[in-house]
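Here the structure is laid out as structure tokens; the discussion comes afterwards.
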Amino acid sequence: MASTEAEPSRRGRNAARAGGPRYPGWLVVPAVVWYVLFFVVPLGFIAATSFGQVEGFSDIAYTWTLDNYRYLWDDIVGDLHLYRDIFVETLKLSVVGTLSTLVIGFPLAYYIARYAKHKTLLLLLVIVPFWTSFLIRAYAWLIVLDPEFPVFRALGLTGFLEQHEILFTPNAVYIGVAYNYLPLMVLPLYAALERIDWSLVDAAQDLGDPPWRAFRRITLPLALPGILAGSLLVFIPLTGEYIIPVILGGNKTFYAGNLIAQQFLESEDWPLGSAIAMVVIGALTIALVVYARALGRQEQHS
Amino acid sequence: MNGRRLLGGYAILAYVFLYAPIAVVVVFAFNGGRDVLYWQGFSTKWFRVALETPEITSALKFSILIALGNAVVACVLGTMLALALPRMRSWIRTPIDALAYMTLVTPEIVFAIAALVFFVQAGKKVGIDNPLGWHTILIAHVVFNASVVALVVRARFVSMGQSLEEASFDLGAGPLATFRQVTIPRLAPAILAGGLLAFTFSFDDFITSFFVTGTNSETLPIYIWGQLRFGVTPAINATAAMMLGVTLIGIVVAYAVLRRSGDDRERAGLPGV
């Protein structure tokens, strides 16, 4: 972009800034064009589509109507509140899912960061499942949660589990979510915990702090950036979770992601589906602003 | 040090939790019986059945081709981005950074339907009636995989310092010559590792592929998804095990490459770390 200028002047300007000559800025152009054309513009398309309506068979008329939003709003404030219930369930799934990965992941990250000998290897072992197929990791629980699963048969739990059914209930969805998203939580937690100087904790305890207070006053504040980052990495994609409820929830669970997919796969109501997606994005944006504020306040403190 | 031992025990349980379900899929893929949940002796029969099912082999081939094409394009775009970005002025770097991260964290279903609407509607505008197919999957996959490659390559590029590149530029070499003679030899492992990760992400992707695929282009995850309606079968288990195998090979090679090249503290490729 600016690199079409003559060589000497560029070099002069570079020298004035930190560092010497470098790779030209136009190298970013192909990737940025790709992002804009196939990411930003498509998001613009669903924004526009959310103000349109279905015309004929699954064609979209861009009529700039608020009908889709009005329809959702009427449902949310109205007596029927089908969509409201789904949004509330989605929020619950996202919050509980985030908290459960945090509760399960924190001791693990803490152990690796503070005590483990082979930190790199143990961290890698957390990452590997994250890189394997999300679909198959969800699918695996279809076998593991089956009352007929050999381990349950051996333990004589089959009858018990058939009575207290797990598979194809919200509980199965929650288990699947905690499982599939755990690595995303552990990584940033570890990154934050790894930087902690543990002699501070030892010192606090030597000076008479009981372990839990040393944890609360030293470890927790220092781990907070990791907790916030991990929560973000889990919470954001969870608001649109689609695969796990379909596989593990049977037909009994339904979240915003499924709602969006349904408008595209079954109802062929793309404008309504787009509007629901916009609502999710809007809610996410608000959550992110709150998060950024919290982060800002945290930085002021330290 | 009681707490330490307690945490160690917990960590073992956590790793069991992380790996047991995956192990179950793989183990039961070797079950000779017809019923998934009843073990009837070791057998590789279901792998043979899977590999003799034309839908599975063609989906496997299709997935690999898409993932390869995606990895190549993502490597080119991501590497160019990673080389130029670290030292750009912050007012231009920050929004590009934000954009790259957004492609990784946006709920995938939102991106998938956005891409679908875009391809169909934009296709109509320019007179393409049936725009969906392998190319739309490829285009969509490159969006987030270019970011994956950029993250991996950039982490290495920044950590290894750029004085050699500076010297090269100072001595009059252009960007291309500098890239070939100075950067490539040092950055090749990171680029290769980024490419392998991009390959596995594309190979494993379901949601995006599912929404932007055409009628005759079925990836392996899409095939598995379709079969799940009929419940778990040993052949699907074997297919899933093969998918895990392909991904694991990709990861192991990526790790080995990064490690051999020196700095094994690389936490490259992990969004937000």
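At-a-glance table
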| item | result |
| --- | --- |
| Within segment A:241-279, considering residues that are facing chain B (nearest Cβ under 8 Å) and either within 21 Å of A:Y62 (Cβ to Cβ) or of a type in the set (D, E, K, R) (or both), the one surrounded by the most Cβ atoms within 10 Å (Cβ to Cβ) | A:A277 |
| Flag for B:G250 being facing another protein chain (nearest Cβ under 9 Å) and assigned to a loop (DSSP other than H, G, I, E, B) | no |
| Out of B:F62, B:F118, sole residue that is of a type in the set (F, W, Y), farther than 29 Å from A:T49 by Cα and assigned to a helix (DSSP H, G or I) | B:F62 |
| Residue within segment B:99-118 that is surrounded by fewer than 24 Cβ atoms within 10 Å (Cβ to Cβ), more than 7 Å from chain A (Cβ to nearest Cβ), more than 18 Å from the chain's Cα centre (by Cα) and over 21 Å from B:L65 (Cα atoms) present | no |
| Hey, B:A84 free of Cβ contacts under 8 Å to residues at least 12 places away in the same chain and either aliphatic (A, V, I, L, M) or in contact with a Gly (Cβ under 9 Å, 6 or more places away or on another chain) (or both) or not | yes |
| Residues that are more than 19 Å from the chain's Cα centre (by Cα) and either free of Cβ contacts under 8 Å to residues at least 12 places away in the same chain or over 27 Å from B:P131 (Cα atoms) (or both), drawn from segment B:181-214 | B:Q181, B:V182, B:T183, B:I184, B:P185, B:R186, B:L187 |
| Among the residues listed as A:S100, A:S94, the single one being under 30 Å from A:F264 (Cα atoms) and touching a residue at least 24 places away in the same chain (Cβ under 8 Å) | A:S94 |
| The lone exception for A:R114 - which of (1) under 23 Å from B:Y10 (Cβ atoms); (2) facing chain B (nearest Cβ under 7 Å) it fails | (2) |
| Yes/no for A:V28 being assigned to a helix (DSSP H, G or I), surrounded by 13 or more Cβ atoms within 10 Å (Cβ to Cβ) and of a type in the set (V, I, T) | yes |
| Qualifying position, being in contact with a helix residue (DSSP H, G or I) (Cβ under 7 Å, 6 or more places away or on another chain) and either without any contact (Cβ under 8 Å) to a residue 24 or more places away in the chain or over 30 Å from A:R114 (Cβ atoms) (or both), among A:F160, A:F215, A:F152 | A:F152 |
| In segment A:108-157, the residues that are modelled with pLDDT under 95, hydroxyl-bearing (S, T, Y) and either part of a helix (DSSP H, G or I) or in contact with a strand residue (DSSP E or B) (Cβ under 8 Å, 6 or more places away or on another chain) (or both) | A:T120, A:Y139 |
| Segment A:103-126, residues that are over 22 Å from B:P21 (Cα atoms) and free of Cβ contacts under 8 Å to residues at least 40 places away in the same chain | A:Y111, A:Y115, A:A116, A:K117, A:H118, A:T120 |
| Residue among B:S209, B:S168, B:S163, B:S159 that is within 11 Å of chain A (Cβ to nearest Cβ), among the hydroxyl-bearing types (S, T, Y) and out of contact with any helix residue (DSSP H, G or I) (no Cβ under 6 Å at 6 or more places or on another chain) | B:S163 |
| The one condition in (1) out of contact with any helix residue (DSSP H, G or I) (no Cβ under 7 Å at 6 or more places or on another chain); (2) in a loop (DSSP other than H, G, I, E, B) that A:I166 fails to fulfil | (1) |
| Filtered residues of segment A:91-105 (kept if buried (at least 20 other Cβ atoms within 10 Å of the Cβ) and among the polar types (S, T, N, Q)) | A:S94, A:T98, A:T101 |
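The values are calculated or read from the model by the stated rules, or taken from the named source; none is laboratory data. Computed from a predicted model, the values in this text were never measured in an experiment. Cβ atoms come from the backbone with ideal geometry, glycine included; neighbour counts cover every protein chain shown.
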